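Here, each number is a calculation from the coordinates, and none is a lab measurement. This structure is a prediction, so every number in the text was calculated from the model and none was measured. When we count neighbours, we look across all protein chains shown, and the Cβ atoms used for this are built from the backbone with ideal geometry, even at glycine.
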Amino acid sequence: MGEERAPVPRLGQEPRGTYLRNTWYVAGWASDLGTQPQQRTFLEEPVALFRDAAGVAQAITASCPHRFAPLGHGTVVDGALMCPYHGLRFSGAGVCVHNPHPGGQLPDANLQVYPLVERHALLWIWMGDAAKADALLIPDFSWLSDPKWEAVRGVTVAEGHYELYSDNILDLSHANFVHPALVASAFTEGERKFWQDGSSVFAEYIRLNDHLSVGISAVMGTEGRRQDFYGLVQWHAPAVLYFDFRAGDPGTPREECTLLPSLHAFTPETPDTTHYFWATARDYKLGDAEFTAAMRGALEFAFEQEDMPIIRDSHRLMRGADFWDLRPVILGGDGGGVRARRMLQRLIDREREASAAA
Amino acid sequence: MGEERAPVPRLGQEPRGTYLRNTWYVAGWASDLGTQPQQRTFLEEPVALFRDAAGVAQAITASCPHRFAPLGHGTVVDGALMCPYHGLRFSGAGVCVHNPHPGGQLPDANLQVYPLVERHALLWIWMGDAAKADALLIPDFSWLSDPKWEAVRGVTVAEGHYELYSDNILDLSHANFVHPALVASAFTEGERKFWQDGSSVFAEYIRLNDHLSVGISAVMGTEGRRQDFYGLVQWHAPAVLYFDFRAGDPGTPREECTLLPSLHAFTPETPDTTHYFWATARDYKLGDAEFTAAMRGALEFAFEQEDMPIIRDSHRLMRGADFWDLRPVILGGDGGGVRARRMLQRLIDREREASAAA
Amino acid sequence: MGEERAPVPRLGQEPRGTYLRNTWYVAGWASDLGTQPQQRTFLEEPVALFRDAAGVAQAITASCPHRFAPLGHGTVVDGALMCPYHGLRFSGAGVCVHNPHPGGQLPDANLQVYPLVERHALLWIWMGDAAKADALLIPDFSWLSDPKWEAVRGVTVAEGHYELYSDNILDLSHANFVHPALVASAFTEGERKFWQDGSSVFAEYIRLNDHLSVGISAVMGTEGRRQDFYGLVQWHAPAVLYFDFRAGDPGTPREECTLLPSLHAFTPETPDTTHYFWATARDYKLGDAEFTAAMRGALEFAFEQEDMPIIRDSHRLMRGADFWDLRPVILGGDGGGVRARRMLQRLIDREREASAAA
Ligand code: FES
Ligand code: FES
Ligand code: FES
């Protein structure tokens, strides 16, 4: 995935959204961050991502303290991020380590440093109090970096509030309507269950002895055969989701079914736009490039051409209003999304109370 | 005209404009609404248009009460409009008639229903109190559906306030300047008269024994010959206009002249954008496809390439200010536009007073 | 440079920026204003530029007092600017001199007239009190119209506040980083000095006996040879800059070095967009079209592809905040930009106090 140096988003002086800050957000695919830094906006803040001399990924404020140039459009020199405008260099600790101009005094600037961890093929960023950043809180997506699994993946900036994107994954009943080629009636007609456990919300879909869609059957190599089918979505606050999709011949124990694990991670760029990271892996046909390309194409089409336009338009039709103020109809399939929205609201409220008290 | 599923416009929470509500607006060309529903915005409200099982055109709120998806991007199933996101189905009465999910309970949602009448080849929508919707108030454009007449027509979304578009038709003196190929000096140099009658405003242009433009002469087959020329514009509040254009050899009684009837109907999408519906018909050379195409091309060019950019820029130069606050110079040719603006303001004021009193 | 009739910018009712008004801004290249008028926005005001019957360039308000059409998209008839909508004609004195409609009474409209002077191949506009417009205050760029010099030049609308563009020219230390092909280390490693004299700010860069960049050497024909190098930037409030760049064999007296004079003039369109006029001239290889094209291409690339994206993004990253409120780091190279910003602020404050007192 190339770095096209897209213009920085236009933002106003005050943030418009309220976000959970003491949590891990996905900042990017680790392998997309090479020698070229990246300019990103997370939670309405400009963040520069780069790798230092040791290859360790770093995240600092992406607006140069000198004349506000986009540091993420700079280059890395001797492990420091060099501003593209007048060449000040900043370390991953956010301090100026080189001033190329006469005298060379180092300005006393402290850029905000965002804890950044490379794990499970992803970069995880902590937008809150660095002292609280605990890598143990990163959800387990080890299959993404496990050679036993081959993943297709993508990243895009999607219009719409990130909670609408979480809703979409938690309520898979949309699949029958939005992804007709990919999904049969299983998600609508099967058995489903929603629950909450600790800080996770779960949505489970089970359908035994039924036909999968043509699309999924092709991926799983089960065309024309009835299958038992298990889908389990796990939501991690604020918007990182794991989808455990399994199918097997009728009667196969769930643990022995073929698994297609998926990631759907949403990181707010602004209240109206969302970084969407997705991946789906398989543990068969490893190295089959043609199969991989077909699988990638089908999923990318589903997420970017089918889901995203509907969610974008739903977002616009909300016209900036609060979700609950719109008194939405709640359906059975919302058991996951509503739990997630309530829990996220509680977490944000608690965080704000704590910071107000401090 | 295909349905390109354009993104929903971005709108804020509160409407910015004030509109006449108890009146008929043109919502579309009847034949453009086939089996595929349409997503539209009228008076800053999202409206879904679709045909029910009986083929009757219906209009309901276009934001699904479940998760706000654009209902107008859905499909019609068993005569009901199915939401493209999770498949709830709504009747033309605005109630949910099918829930495809387990249990299948119908949510108690009442979408706003907009009276919609198919008449004169057009769909007419009533954005106000449904109890007051009286189809007899629809202006007579029966020539649009009369097989004796063959019409060329178009529809587009034009930037600019809809009253600027009404002004444009009521003051045909612009034609000499904006449409040089289409119009000779007749509209500027001829005799003209403006008056008001009931709730209509009229603008009349008469020029005897003069040359028409090359363009109009070609359409009428009177190249090089002097003609008597009669133009009568009738404005119906808020912005539906009929243009009765006649020409004939000098001395021909007005009623015996060749008539080219036109419709120009403007329906506000937002305070800054307008649905522009236009048509012009003839009762000769019926079925001559080449002639029809040339006529359509000439008119579309005039309205979309010549009028629209000037009105768009005029609108922007008003910078959101009230028309009268800008103290515009009033010319003789404004006799129609000013009457129409005043009458529309009175109608809107009266409607607001009545609703405040209620 | 053709006139593409770009749409008028969208602006709100009140200006958002505060500008120095009693001063000369560059309005355009004189030769770009031919028989076709121009529609421009300066300091958030719409301005029409045209040439009258005597060929004298005129500037008046570009919103027609009748129905607000963009006068700058009109045509000149008998030396007056004819509105493109209904054909009223306005003289350079801002009065209506012809009404083409029946009766032909001239409306009593007085468009604002902006003093406009054609000098040094440029049009200079005065956006303040006309009584104070003194052409002697126009800075001397006579080399632009002197046949001894052959200039390459350009004009574009650049995103970003105009002061960020002045900063860019006053602090040439950016060149090493932003224009690697064009500039060697001279601007960073050489000696530099900043001072203020009357209402001008100066930035001087001197480097003796060093290699120029490949790009500049090619323009000057000194490839591979060491040179003495002198650069002097002179800023005129609010944002018109002269860059005097000289180089010669080591030991050549400064006055005898080869001179490449440059203009960089910035005229605010809005607080977020800037008209950028630039030119660089030489007094050798006159008439060498190939050389001219190469020089023009190199400079256009530097200004439009290298400078402008960084300044655009820096501007966005300021998010509409005041420069000083952001507590920028000040480097040695800011000696010019900071002086210019302070002086401009004083001039604006003084002008506002004077007008408040009046
Ligand atoms: S803007 Fe970064 S060094 Fe100047
Ligand atoms: S958004 Fe319409 S059914 Fe869910
Ligand atoms: S808008 Fe200029 S003459 Fe009518």
Original post:
Taking amide H positions as placed 1.01 Å from N in the peptide plane, with prolines and chain starts having none, which residues 5 or more places from A:HIS101, or on another chain, fall under 5 Å of its amide H?
Top reply: none
Original post:
How large is ³J(HN,Hα) for each residue in the stretch C:335-351, as worked out from phi by the Karplus curve 6.51 cos²θ - 1.76 cosθ + 1.60 (θ = phi - 60°), to whole Hz, x for Gly and Pro?
Top reply: x, x, x, 5, 4, 5, 4, 5, 5, 4, 4, 4, 5, 5, 4, 4, 5
Subject >> Helical mean residue ellipticity (222 nm; -39500 (n - 2.57) per DSSP H run of 4+; nearest 500) of chain B >> reply: -5500 deg cm²/dmol
Original post:
What net charge is computed for the residues neighbouring A:ARG119, neighbours being all others with C-beta under 14 Å from the C-beta of A:ARG119, Lys and Arg scored +1, Asp and Glu -1?
Top reply: -4
Original post:
Hey, rough spin-label estimate for C:ASP288 and A:SER355, points 7 angstrom out along Cα→Cβ, what's it come to in nanometres?
Top reply: 6.1
Subject >> 3J(HN,Hα) from dihedral phi, the stretch B:12-25, Karplus parametrisation 6.51/-1.76/1.60, rounded to Hz, x for glycine, proline >> reply: x, 5, 9, x, 9, x, 10, 10, 6, 9, 8, 6, 9, 10
Original post:
Local charge sum around A:ASP334 (other residues, Cβ-Cβ under 10 Å, Lys/Arg +1, Asp/Glu -1)?
Top reply: +1
Original post:
To the nearest whole percent, what portion of all C-alpha pairs in the protein assembly as shown is separated by more than 51 angstrom?
Top reply: 38
Subject >> Proximal charge balance of A:SER173 [Cβ under 10 Å; K/R count +1, D/E count -1] >> reply: -2
Subject >> Residues of type lysines that B:LYS148 reaches as a straight line, Cα spacing below 25 Å, ignoring anything fewer than 8 places off in the same chain >> reply: B:LYS285
**OP:** Residues in the stretch A:168-182, backbone N under 20 Å from the label point at A:LEU137 (7 Å along the Cα-to-beta-carbon vector): list them, ranges by number please.
**Re:** none
**OP:** In nm to one decimal, list the spacings between the B:LEU208 label point and its equivalents in the other copies, with label points set 7 Å along Cα to Cβ, shortest first.
**Re:** 9.4, 9.4
Original post:
Roughly what would the spin-label model give for B:GLU189 and C:LEU208, points 7 Å off Cα along C-beta, in nm?
Top reply: 7.9
**OP:** Mind jotting down the distance between the C-alpha centroids of the stretch A:5-20 and the stretch A:272-351, whole Å?
**Re:** 21
**OP:** State, to one decimal in nm and shortest first, how far the label point of C:ALA293 sits from each corresponding label point in the other identical copies (label point: 7 angstrom along Cα-to-Cβ).
**Re:** 4.0, 4.0
Subject >> A:GLU14/A:ARG342 FRET efficiency (R0 30 Å; Cβ-Cβ; nearest 0.05) >> reply: 0.70
Subject >> Copies compared at A:ARG254 - label distances in nm, ascending, label defined 7 Å from Cα in the Cβ direction >> reply: 8.3, 8.3
**OP:** Identify which of B:ASP322, B:ASP244, B:ASP210 has the largest mean-square fluctuation in a Gaussian network model of chain B, with springs joining Cα atoms closer than 10 Å.
**Re:** B:ASP322
Original post:
So what J values fall out for the stretch C:127-136 if you push phi through Karplus, 6.51 cos²θ - 1.76 cosθ + 1.60 with θ = phi - 60°, rounded to Hz, Gly and Pro as x?
Top reply: 8, x, 5, 4, 4, 9, 6, 10, 5, 5
**OP:** Name the long-range amide H neighbours of B:PHE245: under 5 Å, sequence gap of 5 or more, or other chain; modelled H, no Pro or chain starts.
**Re:** B:LEU232, B:LEU260, B:SER262
Original post:
Cα to Cα, under 19 Å, and not fewer than 8 places away if on the same chain: which aspartates and glutamates meet these conditions relative to C:LYS193?
Top reply: C:ASP167, C:ASP171, C:GLU204, C:ASP210, C:ASP228, C:ASP244, C:GLU255, C:ASP334
Subject >> Mean projected area (nm²) of the alpha-carbon convex hull when the stretch C:142-350 is viewed from all directions >> reply: 11.6
Original post:
Taking Cα centroids, how far is the stretch B:190-209 from the stretch B:123-176 in Å?
Top reply: 18
Original post:
GNM on chain A, C-alpha springs below 10 Å: top fluctuator among A:ARG327, A:ARG153, A:ARG339?
Top reply: A:ARG327
**OP:** Report relative contact order for chain B in percent, whole number only (criteria: Cα-Cα under 8 Å, sequence separation at least 6).
**Re:** 17
